[in-house]
Amino acid sequence: MDKTIMVVGVCASGKTTVIEALQARGYDARTCSQEHSLNRFLWQRGQTCFLVVLDCRCLMVEKRRNRKMPITQYQEQKNKLACAQAMANIYLLTDDLTVEDTVKRIIDAYEEAKEKNEGDNS
């Protein structure tokens, strides 16, 4: 059974763009608000989702958003995502990655985990 690809991350890390690209390739990809990322039990349900954490540095958030971001706001987002990052199937710092590179790395990791899971279940 295919898992939902759940994508979380700080503002401007590329969540929406990546999800759209994954969906265009036929994957069931969604996002989850940072507030829900605090819920350990959500990520412990690993049998139903493949967890992707996208990250970028505060300076990159500012560049992508074309405005300043208070470091306290950025750090608050990082803190909310700490549990998700610890439980992630894949973590990607997107500062220097193209959308295509990011999507390829996610798909490769997802397909590898899927093959491993199918091998474990046979």
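The values are calculated or read from the model by the stated rules, or taken from the named source; none is laboratory data. Just so we're clear, the structure is a prediction, and the values are computed from it rather than from any experiment. Neighbour counts run over all protein chains shown; Cβ positions are idealised from the backbone, glycine included.
The lone criterion from (1) at pLDDT 95 or above; (2) more than 13 Å from the chain's Cα centre (by Cα); (3) of a type in the set (S, T, N, Q) left unmet by residue 94 is number (2). Restricted to region 69-108, and to residues that are among the polar types (S, T, N, Q) and either out of contact with any Cys (no Cβ under 9 Å at 6 or more places or on another chain) or not in a helix (DSSP H, G or I) (or both), which residue is nearest to residue 32 (Cα to Cα)? Per the criteria, the residue is 85.
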